[in-house]
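These notes are about the structure you will find just below.
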């Protein structure tokens, strides 16, 4: 049954419902694709037995005409979601052997809707990074290559394993999490669609915490429609996450009307940054033309505090991380490195258990929260976060949705930017502002660079207006007609 | 804002991360570069701007104050690196 792994999630859903193929056949094809893509190191744990068992149960339901929303659809799960009985690592040495006795709310919703788990995907340790090279389990490779070159490229991060898997046709879709761009930036680098919903749309229960005021789960898939389908299942209020929003989940797929006539699309002038590649600028221009061609109106808007978003983020996210990661002490789960006192045991465990970037951020976070510096750094950043949020509120008086590039460049080579943390942080310059404001954002592939690498456009919407974001993304997707395929993968 | 070796050692102790003495200088340089870059926030006038407390400006939910199913002890202790008689086991803290 070659070719099943090439289907979109929506096509596979329809094929299963009309019994063109079985969930078991689809699962077998996807398991084969996961194996074929092993060279990418996109998965930390593969769960083929579980996938086959779930697929058999899906077939039983489908045969009775009782198919669920995602019945029989194989997905890859970022290894930041706790999965009951399946190793959960956050790509960290410090979680060695951790096998949760409970399930995250988002994944529980996916399984309850009949989805099939292919495995757990690789990431930057504790989701801290933009390259998926900062993993205890080794770097993830992007399935794309520059034209005529075989140098391995990063898939972006932190949801790089999920993005690489979906691009390589090893999974119809995947879960990711986004704190400052960790769904949108890897989606852009790997030529797939990735959506971060509004903060509070998806429950954070059972997701290994990085920066709790920013972390949001979201889907990655090969089409906008597929993301809409997945988000509809992942979203919803959960009493176990006090920040999850008790707001009705709309039918996101129904939002894809294809009609953007009269829609006001904001173009933020501050996103024209120095050092932005010419081809990124051109891609953005195409996006504007496509939406205008479909009857939307573009308006220039101003988000004056944009340039402060990244440094603001690099106070707040490490501050929250230093508090969240205090729980890794070698006592209750994971790695323990002995010491001559209990403090010695903590210090040794954390020194050996955390990687370089995680340590760097925990130390920065500890510093900005420490006595005497709290006001100067942490409170200052929280005030600037208010200003950034106000910028968006004002912009959405004039525009219904905002169009920007997702990243300032295409994917870079593994090993580049590794010794310069700030250069690495700049990858997220266009994605961090919406994260700080808690707004929904999507990245979709819209073209290729001169060297043949995918480039993404980002749409940002009002809080809890994922529908407008998805509707606009659907129109852009049709106009861009992106059909390039990566050179390496599992589906071929 | 440049951090010296002693400050980095102090932060590392607060964060309970052992940093070997010979690594302190390099780490101080790295962290100082990040903090220098962050300094640009001081250009922004934030007088009269309230610090953000919640991005969605929503009211936290209330619930009844009642016990709602604590996980069984076996589940809580299942991943412990060392346990004895159903308890977490740690190096001696009291002599």
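The values are calculated or read from the model by the stated rules, or taken from the named source; none is laboratory data. In this text the structure is predicted, and so the values were computed from the model without any measurement. Reconstructed Cβ throughout: ideal geometry from the backbone, glycine too, with neighbour counts over all protein chains shown.
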### Query
Within region A:59-77, can one find any residue that is out of contact with any helix residue (DSSP H, G or I) (no Cβ under 7 Å at 6 or more places or on another chain), closer than 30 Å to residue A:355 by Cβ and at pLDDT 95 or above?
no
### Query
What about residue A:165, is it buried (at least 24 other Cβ atoms within 10 Å of the Cβ) and outside any loop (DSSP other than H, G, I, E, B)?
yes
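Each row is one residue, and each column tells you yes or no for (1) over 25 Å from the mean Cα position of the chain (by Cα); (2) assigned to a loop (DSSP other than H, G, I, E, B); (3) more than 30 Å from residue A:296 (Cα to Cα).
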position: A:375; (1), (2), (3): yes, no, yes
position: A:382; (1), (2), (3): no, no, yes
position: A:389; (1), (2), (3): no, no, no
position: A:397; (1), (2), (3): yes, no, no
position: A:408; (1), (2), (3): no, yes, no
position: A:416; (1), (2), (3): no, yes, yes
### Message
Tell me the residue from A:361, A:307, A:327 that is surrounded by 23 or more Cβ atoms within 10 Å (Cβ to Cβ) and at negative phi, please.
### Response
A:361
## Note on the structure
When region A:59-94 is checked residue by residue, the ones that are touching a strand residue (DSSP E or B) at 6+ places or on another chain (Cβ under 7 Å) and within 25 Å of residue A:17 (Cβ to Cβ) are A:72, A:73, A:74, A:75, A:76, A:77
### Query
surrounded by fewer than 24 Cβ atoms within 10 Å (Cβ to Cβ), touching a residue at least 12 places away in the same chain (Cβ under 8 Å) and within 19 Å of residue A:282 (Cα to Cα) - does that describe any residue in region A:435-448?
yes
### So residue A:240, is it more than 17 Å from residue B:55 (Cβ to Cβ), within 14 Å of chain B (Cβ to nearest Cβ) and in contact (Cβ under 8 Å) with a residue 60 or more places away in the chain
yes
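Rundown of residues vs (1) in a loop (DSSP other than H, G, I, E, B); (2) without any contact (Cβ under 8 Å) to a residue 40 or more places away in the chain; (3) buried (at least 24 other Cβ atoms within 10 Å of the Cβ), yes/no style:
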residue	(1), (2), (3)
A:56	no, yes, no
A:67	yes, no, no
A:97	yes, no, no
A:118	no, no, yes
A:123	yes, no, yes
A:131	yes, no, yes
A:136	yes, no, no
A:146	yes, no, no
A:150	yes, yes, no
### Query
From the list A:285, A:272, A:307, A:261, which one is over 22 Å from the mean Cα position of the chain (by Cα), away from chain B (no Cβ under 14 Å) and within 15 Å of residue A:433 (Cα to Cα)?
A:272
### Task
Would you be able to tell me the number of residues in region B:39-95 that are more than 30 Å from residue A:100 (Cβ to Cβ) and at the interface with another protein chain (Cβ under 7 Å from one of its Cβ atoms)?
8
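Here's the yes/no breakdown for (1) free of Cβ contacts under 8 Å to residues at least 40 places away in the same chain; (2) touching a helix residue (DSSP H, G or I) at 6+ places or on another chain (Cβ under 7 Å):
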residue	(1), (2)
A:29	yes, yes
A:43	no, yes
A:50	no, no
A:101	yes, yes
### Task
Residue by residue through region A:341-353, note down the ones that are under 21 Å from residue A:127 (Cα atoms) and more than 7 Å from chain B (Cβ to nearest Cβ).
A:349, A:352, A:353
### Message
Quick check on my filter: what residues within region A:374-403 are in contact with a helix residue (DSSP H, G or I) (Cβ under 8 Å, 6 or more places away or on another chain), more than 9 Å from chain B (Cβ to nearest Cβ) and farther than 14 Å from residue A:304 by Cα?
### Response
A:374, A:400, A:401, A:402, A:403
### Query
So is residue A:401 touching a strand residue (DSSP E or B) at 6+ places or on another chain (Cβ under 9 Å) and buried (at least 19 other Cβ atoms within 10 Å of the Cβ) or not?
yes
### Task
Looking for whichever is buried (at least 20 other Cβ atoms within 10 Å of the Cβ), touching a residue at least 12 places away in the same chain (Cβ under 8 Å) and under 14 Å from residue A:472 (Cβ atoms) here; the options are A:230, A:291. Which one fits?
A:291
### Query
Does residue A:200 satisfy being more than 14 Å from every other protein chain (Cβ to nearest Cβ) and modelled with pLDDT of 95 or more?
no
